[in-house]
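Written below as structure tokens is the structure these notes are about.
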Amino acid sequence: MTQQVQVKQSTIKAPLLEVKELSKHFVVSTNLFGKPKESVKAVNEVNLLLEKGETLGIVGESGCGKSTMGNTILRLIEPTEGSIFFEGQDVLNMTRAQLQEMRKEVQMIFQDPFSSLNPRMRVFDIIAEPLRTHKVANGKELHRRVYELLDLVGLDQSQADRFPHQFSGGQRQRIGIARAIALNPKLIVCDEPVSALDVSIQAQILNLLLELKEKLQLTLIFIGHGIPAVKYISDRIAVMYLGEIVEMADKESLFSKTRHPYTQGLISAVPIPDPSLREVSEDVILEKDLPDQRNLPKGCSFYSRCPFATEKCKGEKPKLKANEEGHLVACHYPLHA
Amino acid sequence: MQGNAEAKTVGGIRPTVRKVKAYGGLKRWCRLLLQSKTGTVGFFIVLIVVLVAIFADLIVPHDPAENNLSGMLLPPFWMDGGSTSYLLGTDNLGRDIFSRIIVGTRVSLLVGIFSVVLAGIIGLLVGVAAGYYGKWVDTILMRIVDSFLAIPSILFILVVLAVFEPSIMTLIVVIGLTNWVSYARVVRSEVLSVKERDFVRASHSIGTKNTTIIKKHIVPNIISSFIVISALSVATTIILEASLSFLGLGIQPPDVSWGAMLTDGRNYLATNWWIATFPGIAITITVLGIIFLGDWLRDVLDPRNYFSKKGGA
């Protein structure tokens, strides 16, 4: 897919995005004095490094905090703790003007194409909004740019006068993508952009993203809950469980040398056309639901569902550690050790 | 069906685009109106009422305040003893009921429309501010709204009208100032649901200013329900004005309003039913017309009906 040189975490020199110890805790209830009594740790001390030009996939079950993380990177949600650096600038301590500049560089594609477009606006105005907001273009130049964007995402110029409800889900997602690339951003956070679409349309949108990434030299964070889509588009994949990254590695390494039992569980959950081809011995079937996120277990967060759990897992939280290939995992007893 | 003509591209890229008006031209409105039976009926009722109010002085056959002691309590023209010069009969002072209804239209419409405009503007501003900005803005504004709701509005109006001289102006202001709270609450709850939609988050992530988001994203998405509530409350306000005038606190003689006419006719209901009945019918028809029009507006203002709706609302 790309000829990109995979750089190990430690050797990335000038990362586009750096996320350090990022946490977001949602307060569920407070005590008498307004102090938080119970909170849900949606994102818990997450570290990420994103190199320019790569696509980082983030997978995990619903409710694991992957969307929350995406939103905090754009400061749509203020994180509780941690720091985010975009091109070396501290995103959380930016002045208004700096933040406004960053908003040009970082864009988002949303999950639900029916909610992400204002039903009262014409496609033209939707796509023109970022251009107008940042006063990048007006008049004829604005028209030219919007039509160019429509072309880029594979829509017809004649559709610019229409309203969102006149489009199918896939077309709407294309409009959302056109809006996201309007300002020539450097980074796009794709928050499950294909999970609301038909399977047949998903591939089209994924290919469009890949094509645009090449053409516009984008860096993508691709959040998804389905392994196949994330696998298809990403160079590197992080697996999240209950707000933490439990495994992160190059795509090839993650699938060929899966180290965390949860990742193995997610991979086993993908239906395959001919089950007899599957190496049954490697399957990890995830049972039970997510534990109560208000009282996470003290040890490994995956302890309650892990088939290989021991006493050590119950008492001691495993740290995210890399092996010599740069494959990170947070597990006391990694597979493929 | 709209905009296809100019949609054809010229040499790949269209050089300029004729901006299509947001809700189309007069022709489209007429077509949309004729598609809906209730809408058409409502529109014509309202149109007639408005025309009557504007040209009341030219239409009235008699001076509405003129007493005619020789022709007191005349029945409508089709009954025994009725006269075609007093179409709907006369009241206990011999005043022409038909003329009085025509002149009363003015008060009813003025009070109905302008108090709703006043209440609507205040309610929209407060509701949007509370819903969009949230936090302490919301807390303060909504507590004010709550305290307004805690006062029985009819009592408040009675007190104010007892202190200030009742006139059309005071009626408009006092009804407007008591009714804005219901708009504020409705608008706030609509804003709360709209602002959580992804297109608003998208706008934030782009860096659009709050005021622009409110103008472009929030208000257009709540405005149709707002317009419908406003249209419907013109109807209830007309009834409120009638009740206040009925209580003797509304329009004072020699001015005429439908509510005041009901008061006049109350004592004669058993013997001379026409004095109270015709203004009552006038209120009913007007209110019904406004409600029909409001329902139609709700359907039309939804852009999902913009292109496709063929059937009528």
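Summary table below
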read-out: Gyration tensor (alpha-carbon) shape descriptor, region B:153-276, a/c threshold 1.5; value: prolate
read-out: Contact order relative to length of region B:41-305, as percent, for alpha carbon pairs under 8 angstrom and 6 or more apart; value: 24 percent
read-out: Scaled radius of gyration (Cα, divided by 2.2 N^0.38 Å) that chain A gives; value: 1.04
read-out: Spatial extent of region A:130-284: Rg and Dmax, with the Cα atoms as the point set, Å; value: 18.8, 63
read-out: Chain B: most fluctuating residue of B:SER167, B:SER115, B:SER147 per GNM, C-alpha cutoff 10 Å; value: B:SER147
read-out: Helical mean residue ellipticity (222 nm; -39500 (n - 2.57) per DSSP H run of 4+; nearest 500) of chain A; value: -8500 deg cm²/dmol
read-out: FRET efficiency estimate (nearest 0.05) - Cβ-Cβ, B:LEU288 to B:LEU51, R0 22 angstrom; value: 0.80
read-out: Cβ-based exposure ranking for B:SER193, A:SER116, in which fewest neighbours within 10 Å come first; value: B:SER193, A:SER116
read-out: For A:GLU87, residues with placed amide H under 5 Å, excluding near neighbours; value: A:LEU17, A:GLU18
read-out: Taking A:LYS314, A:LYS35 and counting other C-beta atoms within 10 Å, the order from fewest to most; value: A:LYS35, A:LYS314
read-out: Net charge of neighbours whose Cβ lies under 12 Å from the Cβ of A:CYS306, counting Lys and Arg as +1 and Asp and Glu as -1; value: +3
read-out: Nearest 10 degrees, 0 to 90: helix B:97-133 Cα axis against chain B principal axis; value: 30 degrees
read-out: Shielding of A:155-162 by partner chains, average beta-carbon count, 10 Å; value: 4
read-out: Spin-label model distance (nm) - A:LYS317 vs B:ILE227, 7 Å beyond Cα toward Cβ; value: 5.5 nm
read-out: Cβ-based net charge around B:MET72, under 11 Å, with every Lys or Arg adding one and every Asp or Glu removing one; value: 0
read-out: Likely footprinting exposure, A:PHE33, A:PHE114, fewest C-beta neighbours within 10 Å first; value: A:PHE33, A:PHE114
read-out: Charge-dipole axis of the protein assembly as shown as Lys and Arg at +1 and Asp and Glu at -1 on Cβ define it, positive-most pick from A:LEU76, B:VAL46, B:HIS62; value: A:LEU76
read-out: Nearby aspartates and glutamates by direct alpha-carbon distance to A:LYS288 (threshold 13 angstrom, same-chain neighbours under 8 apart not counted); value: A:GLU61
read-out: Charge dipole (debye, nearest 20) of the protein assembly as shown; +1 at Cβ of Lys and Arg, -1 at Cβ of Asp and Glu; value: 1140 debye
read-out: Inter-centroid distance (Cα atoms) of region A:129-183 relative to region A:57-72, Å; value: 27 Å
read-out: Gap separating the Cα centres of region B:89-167 and region A:283-310, nearest whole Å; value: 60 Å
read-out: Cα-Cα over 32 Å, subset of A:LYS140/B:LYS37; A:LYS20/A:LYS231; A:LYS37/B:LYS209; A:LYS314/B:LYS195; A:LYS321/B:LYS209; A:LYS24/A:LYS251; value: A:LYS140/B:LYS37; A:LYS37/B:LYS209; A:LYS314/B:LYS195; A:LYS321/B:LYS209
read-out: Expected 222 nm ellipticity per residue - DSSP helices of 4 or more, -39500 (n - 2.57), all of chain B, to 500; value: -21500 deg cm²/dmol
read-out: Listed residue (B:ASN267, A:LEU92, B:ILE218) projecting farthest to the positive dipole end of the protein assembly as shown, Cβ model; value: A:LEU92
read-out: Hits among aspartates and glutamates - C-alpha to C-alpha of A:LYS52 under 14 Å, sequence gap 8 or more where chains match; value: A:GLU18, A:GLU87, A:GLU105, A:GLU214, A:ASP235
read-out: Angle in degrees between helix B:135-150 and the longest Cα principal axis of chain B, rounded to the nearest 10; value: 10 degrees
read-out: Residue with peak Gaussian network fluctuation, chain B [Cα springs, cutoff 10 Å], from B:PHE156, B:PHE292, B:PHE98; value: B:PHE156
read-out: Degrees separating the helix B:26-35 axis from the principal Cα axis of chain B, which is the longest one; value: 70 degrees
read-out: Centroid-to-centroid separation of region B:248-298 and region B:192-234 [C-alpha atoms, Å]; value: 37 Å
read-out: Calculated P(r) of the protein assembly as shown - Cα pairs past 42 Å, %; value: 45 percent
read-out: Options B:GLY82, B:LEU109, B:SER230, ranked by Cα towards positive dipole end of region B:41-305, top entry (Cβ charges); value: B:SER230
read-out: Bins of 10 Å from zero: percent of alpha-carbon pairs in region B:41-305; value: 7, 25, 28, 20, 12, 6, 2, 0
read-out: Amide hydrogen neighbours beyond the local backbone of A:THR219, cut-off 5 Å, H modeled; value: A:GLY53, A:LEU187, A:ILE188
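Read-outs: derived from the displayed coordinates by stated rules, not from any lab. These numbers were taken from a predicted model, which means no experiment stands behind them. No Cβ is skipped: glycine too gets one built from the backbone with ideal geometry, and neighbour counts run over all protein chains shown.
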